[in-house]
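Presented below is the structure to which this report refers.
The values are calculated or read from the model by the stated rules, or taken from the named source; none is laboratory data. Predicted model only: the values in this text are computed from it and were never measured. All Cβ positions, glycine included, derive from the backbone under ideal geometry; neighbour counts span all protein chains shown.
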Amino acid sequence: MNAIDSLGLPCDGRLLALNSYENRVYQVGQDDGPPLVAKFYRPERWSSEAILEEHAFTLDLAGRELPVVPPIIHQGQTLHQFAGFQFAIFNKHGGRAPELESASTLEWMGRFIGRIHAVGALKPFAHRPALNIDTFGIGPRDFLLSHDFIPASLKPAWESAIALALEGVRRSFDRAGDVAQIRLHGDCHIGNVLWTDAGPHFVDFDDSRSAPAIQDLWMLLSGDRSEMTRQLIDILIGYEDFCDFDPRELHLIEALRTLRLIHYSGWLARRWHDPAFPAAFPWFNTEHYWQDRILELREQIALMDEPALVV
């Protein structure tokens with residue numbers, strides 16, 4: 001509340017912590033006007049330049065009338081400082097989770113993601129990293145091993161599984177060939193989409209990176225192979241109204257899923273010193289947890305060797 005007051009926006013004392021582990025996000029009531037959402041960035045995760053690059057991307061999208069939630073420009077800037085923390089403020093937006101069982105909803109989602117990608121392809125990020133085997137695979141693997149997170153009894157099996165999984169990722173990227181890397185949302189699961197009668201709003205571009213376009217599409221798919229094929233066809237009907245889709249990227253769906261699984265374990269490990277994480281994820285770093293991860297990786301190894309979806 002002191003941080004918001006420092007911007008000349010007096011608070012009314014109402015403060016609600018919102019669901020976020022990477023950053024600290026609060027709904028803050030104002031004396032005059034509707035509540036604001038304040039995001040305090042985790043120190044040393046992103047540089048100021050990388051945060052401002054995300055802000056510029058979302059502001060560009062919003063300026064083109066795309067349904068994203070950009071930071072508020074206040075006193076001529078979007079990134080503010082208080083007591084050693086960097087933070088941004090946003091307008092509050094409500095909504096519900098999209099009903100992905102509906103073909104019309106998937107097509108609607110596809111149209112807006114296509115529009116986001118059409119803008120994202122116009123120029124590259126300069127300060128935000130790419131999503132690739134190094135950043136989401138090798139880096140997390142090395143951190144987990146060097147910090148002794150894997151139980152000694154399971155370490156050989158885990159090392160074998162992750163080595164085979166990363167080989168499968170490399171083969172998948174080789175099959176896809178030289179696909180484009182564009183600016184995109186990066187974490188486009190249904191928790192980051194708010195649905196209203198006017199359609200979707202895309203929130204939380206904090207994980208925005210350069211990646212193949214399929215990264216923003218595969219997390220909307222679920223079920224068996226036939227169900228995912230039907231869902232992807234519905235998405236692409238809308239998507240290709242605004243952006244061409246390279247079918248070679250279909251080879252990357254399971255590879256990107258594998259990288260996300262590896263990255264997730266690494267993310268939990270990197271944040272384990274934060275008291276919020278052991279409280280929220282008590283099942284992490286148990287022997288049972290790592291047994292499940294080994295089985296999960298073995299399943300992904302088999303899936304990456306299956307033929308790509310055909311749409």
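Which condition breaks for Arg24 when tested against (1) free of Cβ contacts under 8 Å to residues at least 60 places away in the same chain; (2) surrounded by fewer than 17 Cβ atoms within 10 Å (Cβ to Cβ); (3) in contact with a Gly (Cβ under 9 Å, 6 or more places away or on another chain)?
(3)
Given the criteria more than 21 Å from Glu249 (Cβ to Cβ), aromatic (Phe, Trp, Tyr), in contact with a helix residue (DSSP H, G or I) (Cβ under 8 Å, 6 or more places away or on another chain) and in a helix (DSSP H, G or I), does Trp158 qualify?
Values: more than 21 Å from Glu249 (Cβ to Cβ): yes; aromatic (Phe, Trp, Tyr): yes; in contact with a helix residue (DSSP H, G or I) (Cβ under 8 Å, 6 or more places away or on another chain): yes; in a helix (DSSP H, G or I): yes.
Here the answer is yes, as Trp158 does meet what is asked.
May I ask you to verify whether Pro71 is within 19 Å of the chain's Cα centre (by Cα), modelled with pLDDT under 95 and assigned by TED's automatic domain parsing to the domain that holds Arg24?
Judged against the criteria, Pro71 is not a match.
So Ser153 clears everything in (1) in contact with a helix residue (DSSP H, G or I) (Cβ under 8 Å, 6 or more places away or on another chain); (2) exposed (fewer than 13 other Cβ atoms within 10 Å of the Cβ); (3) part of a helix (DSSP H, G or I) except one condition, right? Which one?
(3)
Report, ordered by the first and then the second residue, all pairs with beta carbons closer than 8 Å, sequence separation of six or more or different chains, a first member in region 252-263 that is free of Cβ contacts under 8 Å to residues at least 40 places away in the same chain, and a second member that is of a type outside the set (S, T, N, Q).
Leu261/Arg293; Leu261/Glu296; Leu261/Leu297
What helices (runs of 4 or more DSSP H) lie completely within region 206-311 and have 3 or more residues being of a type in the set (S, T, N, Q)? Step through it out loud before you land on a result.
Numbers: elements: 215-218, 225-239, 253-270, 276-280, 287-304.
Answer list for region 206-311: 225-239.
Among Leu122, Leu106, Leu36, Leu100, which is in contact with a Ser or Thr (Cβ under 8 Å, 6 or more places away or on another chain) and either closer than 28 Å to Leu252 by Cβ or surrounded by 13 or more Cβ atoms within 10 Å (Cβ to Cβ) (or both)?
None of the others qualify; the one that does is Leu100.
For region 271-311, what are the residues that are surrounded by 17 or more Cβ atoms within 10 Å (Cβ to Cβ) and among the basic types (Lys, Arg)?
Correct list: Arg271, Arg293.
Please specify each residue of region 85-106 satisfying the condition of being more than 15 Å from Met1 (Cα to Cα) and hydrophobic (A, V, I, L, M, F, W, C). Step through it out loud before you land on a result.
Restricting attention to region 85-106, the residues satisfying the condition of being more than 15 Å from Met1 (Cα to Cα) are 91-106.
Ala97, Leu100, Ala103, Leu106 - these are the residues of region 85-106 that are more than 15 Å from Met1 (Cα to Cα) and hydrophobic (A, V, I, L, M, F, W, C).
For a quick check of your reading: which strands (runs of 3 or more DSSP E) sit entirely within region 1-94 and have at least 2 residues that are touching a strand residue (DSSP E or B) at 6+ places or on another chain (Cβ under 6 Å) and closer than 14 Å to Asp204 by Cβ?
Here the list reads 24-30, 36-40, 85-91.
Which one is surrounded by the most Cβ atoms within 10 Å (Cβ to Cβ), of the residues in region 165-183 that are under 15 Å from Asp134 (Cα atoms) and of a type in the set (A, V, I, L, M)?
My answer is Val169.
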